[in-house]
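Notes for the one structure printed next.
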């Protein structure tokens, strides 16, 4: 009997039910993915290789698609530069006149600052190397704001490196493959950046929320922020170097303090990645990790004169030690002095006197006395309290 | 003489695979860092159109699988939390699938209202997941900035339903 002729001929599983089963399985899988992923710890999680592999495939596509846009932009800039050359020239001349005064003042201040740092012994931060790259894709949604860059770990980029445009800080690296990396923007909802207000030196936390202007949270001090204050990185925590420009403070429509980013002034296409990780890279790790006497092993061999002097000192010390040991041995081997007889007759021993003064047991042979080390300097005598001094009560000092 | 009748078979390739590939391509295209007069390109969540239209066309085992893949693609491509969009898209698909018997043959205005509700549901889920996982809520204005372009894609969903809905009662 064929199967279609059997009792299961009319049994049909509705397609909607099977689709519903697939939906439920998919939802369970998505929840498992959510539980396993955390954007704060994505670089130590198990999905980092998956993301890196995906971005390695997506980067060339983004690069190809963004190239015409870049070429068009360059062409537009070229045409604008041609037609507006005269007005641009006037503007630049005025700007140069203004900047010359600033340059002279900056040079004077730099000189003065260097002298102060030298006098105070301030340990300044060394210059940080940079790598220039290009943003090839852009995520602008409320739940993720990031960009894919065409430079990666092959150029020394690490997770956490700050990223700047020509106007200021843009974000930081959150994932790096060999040839590309992903940059988390300051506006991303997962972004937290310790900042300071330049005018008052007040600290705050720049918190992204998916909008164009991130929030200023945890502002320290009342009235420490005003409209138009410049905001820059504070360097607290070591994630960013101090003093990178971010933007200016402004009141948001919701009444919170927000920051208008300098990087919004133009498109974020070319970016610079600071190869800065944290404060630990500013210290010499080899010097910190070296054993205290490790330098003796790496010292050059002594000269013959130094070797002879070292040998002489060692011989003298050995001879002195041997002489000391010989003296101690001779002193211990000498017989004890004979007891002196008492001139008075010994009274009759009574049980009471014998019980009151027990006879000391003298050893048959003299025991060697331990050699006490001789102190180099006389030990300070304990200060005895004056006889008429009152004892200090226990709680007097409290 | 009887004329031969051409029977056109519409399989999953036509109404599932091709739209999914188009959604991926448009998402990649809209991610170009292009800026004109200070404005960027919009960033709608294109697979929401498919999550809404597919269960109204007909139930399928392939559609939820493809939706899961599309959500995973969005998370990886945008650099978001993994699992965020698969869950939101499948939740929309499942809800529409449950109510598909009541929604078949409804007027376009009713479908639009349903599309608005579905999009709102998907974004509400994504909002809650992001808030819970990161401890910080995204800006409502920023969310609206993505919801509105997604709502404007309703004509695509309506066209997809009209094009492929065969009203075959065997699938009801």
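None of the figures in this text is laboratory data; all of them are computed from the coordinates on show. Treat the numbers as computed from the prediction; the structure is a model and nothing was measured. Positions of Cβ are generated from backbone atoms using ideal geometry, with glycine treated the same way; all protein chains shown enter the neighbour counts.
One table, with the values for the structure above:
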quantity	calculated
Among B:34-43, A:50-59, the order from most to least packed when residues are scored by Cβ within 10 Å on average	A:50-59, B:34-43
Cα long-axis angle, helix B:62-78 against chain B (0 to 90 degrees, to the nearest 10)	20
Peptide A:184-190, shielding by other chains (average Cβ, 10 Å cutoff)	4
Within a Gaussian network of chain B (alpha carbon springs, distance under 10 Å), most fluctuating of B:127, B:93, B:18	B:18
Ranked list, fewest to most other Cβ atoms within 10 Å of each Cβ, for A:83, A:143, B:68	A:83, B:68, A:143
Partner chain coverage, peptide A:141-154 - average Cβ within 10 angstrom	6
Peptide-level mean, for B:56-64, of C-beta atoms on other protein chains within 10 Å	4
Bins of 10 Å, starting at 0 and running to the largest distance - Cα pair percent for chain B	9, 37, 33, 14, 4, 1, 1, 0
Mean residue ellipticity (222 nm) of chain B, computed from DSSP H runs ≥ 4 via -39,500 (n - 2.57), nearest 500	-20500 deg cm²/dmol
For segment B:12-171: relative contact order, % (alpha-carbon pairs under 8 angstrom, 6 or more apart)	29
Mean Cβ neighbour count within 10 Å, used as a protection proxy, ranking A:102-115, B:143-156 highest first	B:143-156, A:102-115
Relative contact order [Cα under 8 Å, 6+ residues apart], segment A:127-281, whole percent	26
Most mobile of B:139, B:118, B:100 in a GNM of chain B (Cα contacts under 10 Å)	B:139
Acute angle (nearest 10 degrees) that the helix B:154-164 long axis makes with the longest principal axis of chain B, alpha-carbon atoms	20
In degrees, nearest ten, helix B:140-151 long axis to first principal axis of chain B (Cα)	20
